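These notes concern the structure reproduced below.
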Amino acid sequence: MADAPSTLDAASERIRETAKWLTISLAALGGVLVGTTQLSDIGALELRSDRFWMAVVGAAIAAIGSGVILFATVATAAAPALSLEQLATHTPKGAKDAVKDQTLLEGRSNVQALKDEYIGAIEDRERAYVDHLADLSNEIDRNKFVTANARAVALNGIVKTIVGVSAYRELARLWRAARVKIIVGGALAALGVGTFAWAANPPDKVVASAAEPAILAAPEPTKITLTAVGREALGPKLGTGCPLTSPISVLQLGSTDAGPDVLVQQPGCAAVRFVVVPAWGSVG
């Protein structure tokens, strides 16, 4: 398994790069969404109106969603490296299977046994090296150092492999957990941006009502004179007792593009409301 650490390091780096670029991509997407939203229109909203508070809520939801995504990706990209000491004393969740894998431990009962053996091999190599330096011509001391060094190097390879596999599995676990958070955060961010955009870009009628609040005008009494077409169209509604050929008393409620909006107030006539189009009659 000599190539395992380098292969897993490359895989771990790909996960971190994916998390990093996902963060950058989402930030860019958020910038585009905000940039295309006409924020100037929010000034048309009345302070403390329903749309104003909806804009505030939308911005808050978008911020929470973005924060969830950022937290999840940063937690993955910044996952700390593992050590043999950590595996022996505080094994991460993702590495629990790796530390029990006998093929990785190569016959050791557990990580603690591997750690003790590795530390002992390093100490033996240090002592053999000191003895070897004391008398470079001593063949026995030289062979002891070579043997101790070979054992330490072999154990170092085992340690690198199990630490590398454990680190990758823990990072993969963090990434799997982050994917759920990213989806939830993305949904929240989209909902928040959509709500904010809706509230910040009210229809023209809402903008107009906020800029110039509607004023209720008092109805004005007046009279209308019906044409032949008007008498034919309105006669059944006004009733047989209504003097259709004479001016009829009405209240003018307002004006429309089609004509005056009136309500009939003539004795003997039904209280019918209609718009006096030119073909039906005239006011005054």
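Numbers for the structure displayed
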read-out: Scan of region 135-178 for residues that are free of Cβ contacts under 8 Å to residues at least 12 places away in the same chain and farther than 29 Å from A88 by Cα, ordered by number; value: D135, L136, S137, N138, E139, I140, R142, N143
read-out: So V130, is it touching a Pro at 6+ places or on another chain (Cβ under 9 Å) and assigned by TED's automatic domain parsing to the domain that holds A81; value: no
read-out: Among the candidates A178, A197, A190, A128, residue that is in contact with a helix residue (DSSP H, G or I) (Cβ under 8 Å, 6 or more places away or on another chain) and either among the aromatic types (F, W, Y) or farther than 30 Å from V74 by Cβ (or both); value: A128
read-out: Candidate set: region 134-170, residues that are outside any loop (DSSP other than H, G, I, E, B) and polar (S, T, N, Q); chosen: the one farthest from E85 (Cα to Cα); value: N143
read-out: Filter result for K144 (basic (K, R), closer than 30 Å to A78 by Cβ and more than 43 Å from the chain's Cα centre (by Cα)); value: no
read-out: Any chance G185 is under 19 Å from the mean Cα position of the chain (by Cα) and not charged (D, E, K, R); value: yes
read-out: Residues that are under 25 Å from K115 (Cβ atoms), surrounded by fewer than 16 Cβ atoms within 10 Å (Cβ to Cβ) and aliphatic (A, V, I, L, M), drawn from region 131-157; value: V146, A150, V153, A154
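For (1) at pLDDT below 85; (2) out of contact with any Lys or Arg (no Cβ under 8 Å at 6 or more places or on another chain), each residue gets a yes or a no:
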position: K181; (1), (2): no, yes
position: L191; (1), (2): no, yes
position: A197; (1), (2): yes, yes
position: P202; (1), (2): yes, no
position: K205; (1), (2): yes, yes
position: S209; (1), (2): yes, yes
position: E212; (1), (2): yes, yes
position: A218; (1), (2): yes, yes
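The values are calculated or read from the model by the stated rules, or taken from the named source; none is laboratory data. Here the structure is a predicted model, which means the values were calculated and not measured. For neighbour counting, all protein chains shown are included, and Cβ atoms are generated from backbone atoms with ideal geometry for every residue, glycine included.
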